[in-house]
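In what follows, a structure is listed as structure tokens, so that the remarks can point back to it.
The values are calculated or read from the model by the stated rules, or taken from the named source; none is laboratory data. Since this is a predicted model, take the numbers as computed values, not measurements. All Cβ positions, even for glycine, are placed from backbone atoms using ideal geometry, and neighbour counts span all protein chains on display.
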Amino acid sequence: MKTIKKIFDRLVNRETIMYIIFGVLTTLVNLIVYTIFDKILSDGGTAAEAVASETTFQGAIDTFLSKGTAGIIAWVVAVAFAYVTNRQWVFTKRAHGAKNIALECGKFVGARVATGVIEILGTPALVVLGLTAKIFGVDVAKLIVSVVIVVLNYVFSKLFVFNAGKNKDE
């Protein structure tokens, strides 16, 4: 029983609760921006309509590119939002001094680039492969990819980015 309590206490604490809250908010920012730009770039059509109407290879490429472009724009906005909220409210260990903050921000963006590749390629790939359902107007493919990204981003942030013990104050 003590082992289960230790695991629970380690997994459920202020940091993970705040990360989940801001992870959900970051995901919402990402989904809202993605949905707006997806509608703009795909002439307001749904993923199912795009895949059904585009029977050619070029049509699939066009769908992939419009979904991918919407994903890139959403990713940039979400990364900026996530860095500010993670630095300010989630992680207590963070860099101090301009040089260390720039390094921290660079590591954050680098980690997000790694997961961003998964996000940007994952959603359109799943759509083109046939996952075209929507929930509340959002592609299910986007939601699945978003969950994977939130978990990976926490691991990278915790282990590599917000670990100020390795940084020295200027």
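Some points to look at:
- Residue selected from segment 159-170 under the condition surrounded by 14 or more Cβ atoms within 10 Å (Cβ to Cβ) and at pLDDT below 90, by the criterion nearest to Pro124 (Cα to Cα): Asn163
- Unmet requirement for Asp9, which otherwise passes all of (1) surrounded by fewer than 15 Cβ atoms within 10 Å (Cβ to Cβ); (2) at pLDDT below 90; (3) closer than 21 Å to Lys142 by Cβ: (3)
- Pick from segment 126-165, criterion among the aromatic types (Phe, Trp, Tyr) and not in a helix (DSSP H, G or I), ranking: nearest to Leu31 (Cα to Cα): Phe136
- Close Cβ contacts (under 8 Å, 6 or more residues apart or on different chains) running from residues in segment 71-96 that are in a helix (DSSP H, G or I) to residues that are at pLDDT below 90 and acidic (Asp, Glu) comprise Gly71/Glu119; Trp75/Glu119.
- Considering only residues in segment 98-123 that are out of contact with any strand residue (DSSP E or B) (no Cβ under 9 Å at 6 or more places or on another chain) and closer than 13 Å to Gly68 by Cα, the one that is surrounded by the most Cβ atoms within 10 Å (Cβ to Cβ) turns out to be Glu119.
- Residues in segment 47-61 that are in a helix (DSSP H, G or I) and farther than 12 Å from Val127 by Cβ were compared, and the one that is modelled with the highest pLDDT is Ile61.
- Asp38 vs. criteria at pLDDT below 90 and over 19 Å from Gly122 (Cα atoms): no
- Segment 62-72 - residue that is among the aliphatic types (A, V, I, L, M) and either more than 30 Å from Ala95 (Cα to Cα) or buried (at least 18 other Cβ atoms within 10 Å of the Cβ) (or both) and, of those, modelled with the lowest pLDDT: Leu65
- The set of residues in segment 97-125 that are within 17 Å of Thr26 (Cα to Cα) and charged (D, E, K, R) comprises Arg112, Glu119.
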